[in-house]
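Notes for the one structure printed next.
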C-alpha cells in the first residue's frame, strides 16, 4: 500500500466514526435555546477573580530544544545507518515537522513576552 | 482490497474492533485499579454508558474561546489516534510476502508511529492552550513537558527491535518487526537483555503518554481540577475520552507489535483459523500489557512534574542508551 492509499483509508475511517458519533450525540442531546452567563464562564475553582491566562516560560522551550536535538539526530542517524534513499525521506520529513512545530512555538513565546515581560517574582513561582 | 478485507476494515479487526477494544481497555483498567484498592469496580458496560451519557449532554462553549478550535481539536484528537490504531498489524491483511499488515500499512511506517505519538502530545497541549483557562494551560504545559522528555527514551527503546530486525531485509515496517523479531532473537538469545530493558521503558512511556499514575501531574484532580480537560464537556469530552482510550489501544498495540511479536504465536495453513488466532493472540498480548500498566498505577502515587522530568533525563535516557549499545554490541 502506498502512502496516498493509506491516507484515503484513514480519512474514510475517521469521517465514518466522527459522523456516526456526532449524529448520535445530536439525536440524544437536549440543547437549550439560551445559556446563562455563569454556565459559559471559565472554571475558577470557587474564586471570584477572573482567571488569568498563564504565560509560557522559557524552560518549556529549553526542553523542546533538547528534545529536537536528541530525537531528530537519533532518528536521522538510525535511518542513515541501514537504509536506502527512500527511507531517508521519511526521517527528514519527521525532522522537518518537529522543527516547524518548535519554530511556531518559539515565535509565539517571544510575542507574548514582549507585551508581558516575566518578573523575578513570577519566575520564583510567587504569583501564578 | 478484496471483500474480506473490506468487511474486516469496518468490523473486526478494523474500526469496530478498535472502538470495542478501547471501551474494553477502559473497563479492564478501571476494574484492576478497583480490585487493587479492595473495591468491586465498574460493570463491563460502564465505559459504554459513560460514552452515551457524555454524548447526550449539553454542549457548552465558554466565553472568549474560539468555537472552531474548541470543536475541531477534539475531533482531530480522535482522528489521530484512530489513524494510529489502524496501522497496527492485527489480522486479515497480508502483503506480497504473506506477512500480516495493518489497514494503513506503508513502507517505513515506524516513523509515522512516532509522528502520531508526538501529535498526540502536541494536540493535548493545544487542547488545553485554546481554552484560556489557567488550570488547563498549566496542565497542558506539564503534559508537553513530560511527553517530550520521555519521547527520547521511547525512540531509543523502539530502536532496539529495529536494530535487531534491521539488516535481515532492509525493511522498517511494523509488520516486518513483529514477524521477524523472535526469529532474530532465536538466532542470538542475548538480545533478550536489551529487549527487556526496552519493553520496561516503553511501558513507562505508555504511562506518561496516557497520563496515568504516577505521571498524572497534567490532569491532577485535586490540584488542577483535571488540568487541560477542565473546560471540556458533552460530546467534545466524549471524543477526548474515547480518543484517550483508543490511544491506550494504539500505544499498547505498538508495544505488542515491537516487543511481543504482534499477532504471531502459531501460523496454520487455514486462512480463517489464522485470522481468528491472530486476533486472539494480539488481544491476549494487549490485555497483558494493559494489565501491567493498571497494576503499576495501582501501586504508586503521583510524582511532581520536576521529578518526572528528572527521572526521564537522569535515569531513563541513560538506561535506554545502554539498551541500544547492548543491542549493537550483540549485533556486531
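Conditions tested, residue by residue: (1) touching a strand residue (DSSP E or B) at 6+ places or on another chain (Cβ under 9 Å); (2) in a loop (DSSP other than H, G, I, E, B).
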residue: B:27; (1), (2): no, no
residue: B:40; (1), (2): no, yes
residue: B:52; (1), (2): no, no
residue: B:57; (1), (2): no, yes
residue: B:62; (1), (2): no, yes
residue: B:73; (1), (2): no, no
residue: B:76; (1), (2): no, no
residue: B:85; (1), (2): no, no
residue: B:89; (1), (2): yes, yes
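Annotation: of all residues in the range B:39-68 being exposed (fewer than 15 other Cβ atoms within 10 Å of the Cβ) and more than 14 Å from chain A (Cβ to nearest Cβ), the one that is farthest from residue A:28 (Cα to Cα) is B:39. All of B:163, B:152, B:192, B:240 fail the test of being surrounded by fewer than 24 Cβ atoms within 10 Å (Cβ to Cβ), over 30 Å from residue A:24 (Cα atoms) and at pLDDT 85 or above, apart from B:192. Scanning the range B:294-332 for residues that are within 21 Å of residue B:223 (Cβ to Cβ) and not in a helix (DSSP H, G or I) yields B:300, B:301, B:302, B:303, B:304. For the structure I just gave you, tell me whether residue B:157 is more than 21 Å from residue B:101 (Cα to Cα) and in contact with a helix residue (DSSP H, G or I) (Cβ under 6 Å, 6 or more places away or on another chain). Taking the combined requirement at face value, the residue satisfies it.
Matching residues to (1) within 17 Å of the chain's Cα centre (by Cα); (2) closer than 23 Å to residue B:119 by Cβ; (3) away from chain A (no Cβ under 14 Å):
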position	(1), (2), (3)
B:158	yes, yes, no
B:162	no, yes, no
B:165	no, no, no
B:178	yes, yes, yes
B:183	no, no, yes
B:197	no, no, yes
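The values are calculated or read from the model by the stated rules, or taken from the named source; none is laboratory data. Small disclaimer: the values here were computed from a predicted structure and weren't measured. No Cβ is skipped: glycine too gets one built from the backbone with ideal geometry, and neighbour counts run over all protein chains shown.
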